[in-house]
1. Please state which of the following conditions V16 fails to meet, knowing it meets all the rest: (1) touching a Phe, Trp or Tyr at 6+ places or on another chain (Cβ under 7 Å); (2) within 19 Å of I94 (Cα to Cα); (3) among the hydrophobic types (A, V, I, L, M, F, W, C); (4) free of Cβ contacts under 8 Å to residues at least 40 places away in the same chain.
2. Of the residues V81, V159, V114, which single one is surrounded by fewer than 21 Cβ atoms within 10 Å (Cβ to Cβ), at pLDDT 85 or above and not in a loop (DSSP other than H, G, I, E, B)?
3. So E139 clears everything in (1) in a helix (DSSP H, G or I); (2) crowded, with 20+ Cβ neighbours inside 10 Å; (3) modelled with pLDDT under 85 except one condition, right? Which one?
4. Looking at segment 42-50, is at least one residue more than 19 Å from L113 (Cα to Cα), over 22 Å from the mean Cα position of the chain (by Cα) and not β-branched (V, I, T)?
5. What are the pairs with Cβ atoms under 9 angstrom where one residue, in segment 149-167, is closer than 20 Å to G99 by Cα and the other, located anywhere, is in a loop (DSSP other than H, G, I, E, B) and of a type in the set (A, V, I, L, M, F, W, C)? Sequence gap at least six, or different chains.
6. Out of all the residues in segment 125-136, is one or more open to solvent by less than 70 Å² (accessible area, probe 1.4 Å), at pLDDT 80 or above and within 21 Å of I80 (Cα to Cα)?
7. Tell me, which residue of segment 162-191 that is touching a helix residue (DSSP H, G or I) at 6+ places or on another chain (Cβ under 7 Å) and among the acidic types (D, E) is modelled with the lowest pLDDT?
8. For the list (1) open to solvent by less than 10 Å² (accessible area, probe 1.4 Å); (2) within 15 Å of R79 (Cα to Cα); (3) over 19 Å from the mean Cα position of the chain (by Cα), I need the number of the one condition that L23 fails.
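The values are calculated or read from the model by the stated rules, or taken from the named source; none is laboratory data. Remember, predicted model here, so these are calculated numbers, not experimental data. Counting neighbours? That spans all protein chains shown, and the Cβs are built from the backbone with ideal geometry, glycine included. Heavy atoms of the whole protein, side chains included, go into the accessibility calculation; ligands, DNA and RNA do not. Shrake-Rupley method; radii C 1.70, N 1.55, O 1.52, S 1.80 Å.
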Amino acid sequence: MRCVNIVIADPHPVVVLGLMSILSAENDFNILASSYDGRECIQAIRDLSPDIALLDIFMPGLTGLDILAAATSEHLSTRIVFLTASAEDRDLIIAVARGAYGVILKDTPPDVLVHSLRQAAAGRRLLSLACFDSPRIQECQTGTEDVLTLLTERERQIVRLVSEGLSNKEVGRQLNVSDGTIKVHLHHIYQKLAISNRTALAALAFCQHDSVSSDDDLPV
């Protein structure tokens, strides 16, 4: 099995040490660096070119979104995987839409964490964890179905705007409807796609971004 080079970053030393302990026990992981600061993290990515950077979305110095933007603009090959305490973080939704390679919840069991990082190293995006636990996302990943065709044009508009990180109120302003109307639409969208949160919705939009375009901007 190929050795996976990894950089770890989290503002909490106990989390970093815990991750290092888990991954050091595996023969196929090589921890190149660890940090508690976003600026140190992006510099380690630049200098060491790890296969994966595993980091908290909320880093001091540079946020996770800043690090993702820098890695993308500089065409760095490192796959950015975010750690999060909640699948509903707004920044996490934006990160998924902007190309983060995956998301891992902090309450994930160690064996699942290790398996997930191996999957990412092998080139599979991590859209099948607890926060993305939906058969629709599996269909999206395998390309077996264009799942967004299940939605109306208005619902597809809402998916696009939510995947950009907009709140219900902001989506409502964009579409000239109340945020209560957006909540109703989202409830229907979640039911149709068998998902339960906005991050999973952003993941689907990222999988099939060509299916959700600005051409859908039609009046109600």
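1. For V16, the failing item is (2).
2. Just a single option satisfies the conditions, and that option is V114.
3. Single failed check for E139: (2).
4. Yes, there is a match, as at least one residue in segment 42-50 is more than 19 Å from L113 (Cα to Cα), over 22 Å from the mean Cα position of the chain (by Cα) and not β-branched (V, I, T).
5. The qualifying pairs are R156/V212; Q157/V212; Q157/L218; I158/L151; V159/L151; V159/V212; R160/V212; S163/V212.
6. There is no residue in segment 125-136 that is open to solvent by less than 70 Å² (accessible area, probe 1.4 Å), at pLDDT 80 or above and within 21 Å of I80 (Cα to Cα).
7. Top of the filtered list is E164.
8. (2)
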